[in-house]
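The values are calculated or read from the model by the stated rules, or taken from the named source; none is laboratory data. Bear in mind that the values here come from a model prediction, so they are computed numbers and not experimental data. In this analysis, Cβ positions are derived from the backbone assuming ideal geometry, glycine residues included, and neighbour counts consider all displayed protein chains. Heavy atoms of the whole protein, side chains included, go into the accessibility calculation; ligands, DNA and RNA do not. Shrake-Rupley method; radii C 1.70, N 1.55, O 1.52, S 1.80 Å.
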Amino acid sequence: MSITSPPANDRGTALSFENLSVSFETEFSDVHAVKGLSLEVYPGEVVALVGESGSGKSVTSTAAIGLLPSNAYITGKALVGGVNVVGMAENRMRKMRATDIAMVFQEPMTALNPVLTIERQLTESLELHGLAYGKDATRRAIELLDMVGIPDPAKRIRQYPHQFSGGQRQRIVIAMAISCDPKVIIADEPTTALDVTVQAEILDLLRELKDKLNTGILLITHNMGVVADLADRVAVMFHGSLVETGTVDQVLNNPVHPYTQKLLASVPRLKAVDVTGGWTPEPVAPVDPNRTLVLEARNLVLEYDMRGTKFRAVDDLSFELARGQILGIVGESGSGKSTVAKAVLGLLPVASGVLAVHGTNLATLRPKAARAVRAKIGVIFQDPAASLNPRFPIGDCITEPMVVHKVGSRAERIRRAGELLEAVHLPRSVLNRYPHELSGGQRQRVCIARALTLDPELLIADEPTSALDVSVQAAVLEMIQELQARYEFACLFVSHDLAVVDLLAHHVVVMKDGKSVEQGRVSDVLHAPQHDYTRRLLAAAPVPEPREQAVRREARRLLLELETPKG
Amino acid sequence: MTIEKEPTEVPAVLLAEAEDAALARKDSVSLSQGQLVRRRFVAHRAAMISTVALAFIAVMAFSSIGYAGIPGWWDKDYTMAGSVIDGGRPTFSLLPTWLGGTGLAWGEHPFGQDSTGKDYFALVMRGTQQSIIIAVIVGIVATVIGAVVGAVAGYYRGWVDAVLMRMTDLFIVIPLLVLAAVLGQIASRTGNTTVVLALVLGLVTWTGLARLVRGEVLSLREREYVAAAQSMGAKTSRVILKHLLPNTIGVIVVNATFAIAGAILLETSLSYLGFGVKAPDSSLGLLISQYQNAFTNRPWLFWWPGMIILAIALSVNFLGDGLRDAFDPRQTRKARRRSKKEEVSE
């Protein structure tokens, strides 16, 4: 493979791997997680290490910071600022952490200790490494918070992690990582747990910091949009080996290796959109009078009962979904999009308004009648690992709706399960397998088969692909499209991923804080958004093309400047 | 707009397709759930040995002296006193003649005699019967009540949970021995002391399991497969019995084995205090308490019942281990290896 000429730099690498191999000794055999990897990260440079789950990207980074479990067998070199850390004694390694190499974790909710103040956690590494003590350390910590964009840092430093939002917590984690001026920062999926708009802000912050501090960043991610936005160079990992290395432009625009090609082809892309507005929508087509409404919400209000106090999760929402149509509901976390799906599934009572399936209002239905309605609704959940009972063989999982609604004899049920498995392209022999024997994508296809068991008229898909790798996601989305064309069910598709909704849905509802901010045809809403929030959302979603992403980034900056500050 | 299909051949990197191929290549023997459980249980060596040992003890206990009026093959009765022969020493021997023993011999009183000349084998067998009956009844009663109370409380939460758990707390704060003693007294006035005593013990020892199952169910009910079952219209009873309780089987089985071992010991304490089984009837606990002073000069009076209690308790524990592994589909060797792989490679 060709390694592109790195930026000229006399001071050598911030982090480099030389023929690094990691294998794990397990009870039964050795597992080769990383097979002879060589990679350099120079100061002030962002190198993205991309790959799907199980490719060994996290193991590589963990080897550099010396946190691999004791059953790991490491050969080769991992040089942090020219010092080999492979086989280094634990007490020496500890001195290098934070001052030479630091880490930003994926989940800001769990990376901070909830019972200590931010001050205590920020000054800890400064004091441990003898850089500053007492008031000096606090002063430095306040500087750091200011640097990562936490407003009013002198006051907020005394607060606890739960008093900050998710994005702010990730900023604090970044502040901790840069506190001792490390030569290199490992960012392990730093934005995966965040909403797109927050993700865009964190990416901006990282870009700003690496220029300011001249730190090398090893960015580990599966998101090609993030790569396009932040990285200078890209290394693609597959089954423990590097299959392709190059500048972000080379790899994303002219991939050479078939795996990279396949990976990039699998990423759903948003069509170009003018986020700054000034686009007149196509005239709205008249509503087809012959269409059959499958799902209808009118002034729907949904509430969670939190120990007596009501929390309004969905407020005054109306939409219509006709047969053969896919309605996408998009929004960020906390927007109430999954709550709508829950209510349709009968997992949450309707507080007020109308939620009707085929004209039958679910809100006023008795439990027995509601059960009959539910036979016509199929569901696919987000996490295929959790949505199949681990004690049910696949056959039982698929036929469960028939058992529940007392449909068919045993032989008929088995025949139906076989048909459905064929429809989702799985071999019939899977019938007697257990969920843990299948991969994530296969499990999700089993979930799709289960959802279709009773020929539903309505399919609820609640983030069906967000727990899957991109190449598997593509296969699952294709399958939903194919089955939808074949069985013509209506589908309510809940997702945070605008590109997926763009790909799949006919109509879309954009939700924010429980309210619909914009709805209509996908071609109107996602390609010519009228509402500021939709524009912001679209502008924040990164695309896996570095030049286009640079244009989008600039457009987003303009958009945020144009917007009048509110409240 | 559709997803771009991959027209060109891309060997070994089409992930979804490669996974399917791997799945098809797997050994295609398909087994039903029952067959799988049975097969895994049989493969568990300790559990199989325990099952055989437990079955042997039970068959010996019930066939030797008979039960409920049906006569057994042993000619002596546990109530019949007689003259003490050779200080009541056991005549049972395993030592072969060439080592100075008498060969494999059963003898007149294999387990010896007690101070009044009663045949100790008959007494121990009677005691074993009582302990097995108590163990089985307590195991069933405590497990069923505990699992149901815990599952219902965990599933419904809210006031149902509050009421059931306060009731559980109430049972926990009442001293077990006092309650069992009082109820045991009433029980002894009825005809079948042992069975009633066992029911009473079962009614007061379900609390630990109820709390454990509630905790498990509270976390399991948030899983998506429960939401999936609810949304397909499954009744609450089905959700609890098919989706929640089977996934708590590990906790239930382990706890049931503890409950059984505990019940045998509880019966021992009660009999020792004089509230449980009373002479001339016999139980293993009663025998131990009666002859604890004989330990120095006539140790067999202590060893025989003690060893049988130990054998039953150990066997039940191993049996529980085997059952838990057999019921868990992820507990196969192959699967364990794969899950480890997944853990380390991410």
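The listed residues are A:Arg233, A:Arg156, and the only one of them that is away from chain B (no Cβ under 14 Å), more than 20 Å from the chain's Cα centre (by Cα) and farther than 26 Å from A:Arg120 by Cα turns out to be A:Arg233. Quick check on region A:83-97. Is at least one of its residues surrounded by 13 or more Cβ atoms within 10 Å (Cβ to Cβ), modelled with pLDDT under 90 and within 30 Å of the chain's Cα centre (by Cα)? Yes, some residue in region A:83-97 is surrounded by 13 or more Cβ atoms within 10 Å (Cβ to Cβ), modelled with pLDDT under 90 and within 30 Å of the chain's Cα centre (by Cα). Can we say B:Ile174 is more than 14 Å from chain A (Cβ to nearest Cβ), at pLDDT below 90, more than 30 Å from A:Val373 (Cα to Cα) and buried (at least 20 other Cβ atoms within 10 Å of the Cβ)? Spelling it out, it is not the case that B:Ile174 is more than 14 Å from chain A (Cβ to nearest Cβ), at pLDDT below 90, more than 30 Å from A:Val373 (Cα to Cα) and buried (at least 20 other Cβ atoms within 10 Å of the Cβ).
Being within 12 Å of chain B (Cβ to nearest Cβ), out of contact with any Leu (no Cβ under 9 Å at 6 or more places or on another chain) and either part of a helix (DSSP H, G or I) or β-branched (Val, Ile, Thr) (or both) is true for just one of A:Gln442, A:Gln473. Which residue is that?
Working: A:Gln442 fails: out of contact with any Leu (no Cβ under 9 Å at 6 or more places or on another chain).
The conditions single out A:Gln473.
The numbered conditions (1) open to solvent by less than 40 Å² (accessible area, probe 1.4 Å); (2) outside any strand (DSSP E or B); (3) closer than 18 Å to A:Ala235 by Cβ are all true for A:Ser53 except (1). Kindly establish whether B:Glu222 is under 23 Å from A:Gln382 (Cα atoms), assigned to a helix (DSSP H, G or I) and of a type in the set (Asp, Glu). Answer is no for this residue.
Here A:Val251 clears all of (1) assigned to a helix (DSSP H, G or I); (2) out of contact with any Asp or Glu (no Cβ under 8 Å at 6 or more places or on another chain) except the condition numbered (2). A count restricted to region A:445-457 and to residues that are within 10 Å of chain B (Cβ to nearest Cβ), crowded, with 23+ Cβ neighbours inside 10 Å and touching a helix residue (DSSP H, G or I) at 6+ places or on another chain (Cβ under 7 Å) stands at 3.
Hey, among the residues in region A:127-160 that are open to solvent by 50 Å² or more (accessible area, probe 1.4 Å) and basic (Lys, Arg), which one's farthest from A:Arg207 (Cα to Cα)? The residue in question is A:Lys135. Is at least one residue of region A:263-277 more than 16 Å from the chain's Cα centre (by Cα), under 30 Å from A:Ser23 (Cβ atoms), small (Gly, Ala, Ser) and not in a helix (DSSP H, G or I)? Taking every residue of region A:263-277 in turn, none turns out to be more than 16 Å from the chain's Cα centre (by Cα), under 30 Å from A:Ser23 (Cβ atoms), small (Gly, Ala, Ser) and not in a helix (DSSP H, G or I).
Which ones in region B:277-289 are touching a residue at least 24 places away in the same chain (Cβ under 8 Å) and part of a helix (DSSP H, G or I)? So that I can check it myself, show each step before the final result.
Kept after step one, since they are touching a residue at least 24 places away in the same chain (Cβ under 8 Å), are these residues of region B:277-289: B:277-278, B:280-287.
If the condition is that a residue be touching a residue at least 24 places away in the same chain (Cβ under 8 Å) and part of a helix (DSSP H, G or I), then B:Leu284, B:Gly285, B:Leu286, B:Leu287 are the ones that fit.
Within region A:27-50, which residues are assigned to a loop (DSSP other than H, G, I, E, B) and buried (at least 17 other Cβ atoms within 10 Å of the Cβ)? The answer is A:Tyr42, A:Pro43, A:Gly44, A:Glu45. Counting just the residues of region A:402-427 that are facing another protein chain (nearest Cβ under 8 Å) and out of contact with any Gly (no Cβ under 8 Å at 6 or more places or on another chain), which one comes out least open to solvent (accessible area, probe 1.4 Å)? So, considering only residues that are facing another protein chain (nearest Cβ under 8 Å) and out of contact with any Gly (no Cβ under 8 Å at 6 or more places or on another chain), the one least open to solvent (accessible area, probe 1.4 Å) is A:Leu426. A:Asp383 meets each of the listed conditions (1) more than 10 Å from chain B (Cβ to nearest Cβ); (2) open to solvent by 50 Å² or more (accessible area, probe 1.4 Å); (3) closer than 18 Å to A:Asp462 by Cα apart from (1). Residues that are of a type outside the set (D, E, K, R), open to solvent by 10 Å² or more (accessible area, probe 1.4 Å) and not in a loop (DSSP other than H, G, I, E, B) within region A:210-223 comprise just one, A:Leu213.
So if I check each of B:Ala180, B:Ala227, B:Ala198, B:Ala142, which one is within 14 Å of chain A (Cβ to nearest Cβ) and either of a type outside the set (Ser, Thr, Tyr) or open to solvent by less than 60 Å² (accessible area, probe 1.4 Å) (or both)?
Numbers: B:Ala180 fails: within 14 Å of chain A (Cβ to nearest Cβ); B:Ala198 fails: within 14 Å of chain A (Cβ to nearest Cβ); B:Ala142 fails: within 14 Å of chain A (Cβ to nearest Cβ).
Every option except B:Ala227 fails the conditions.
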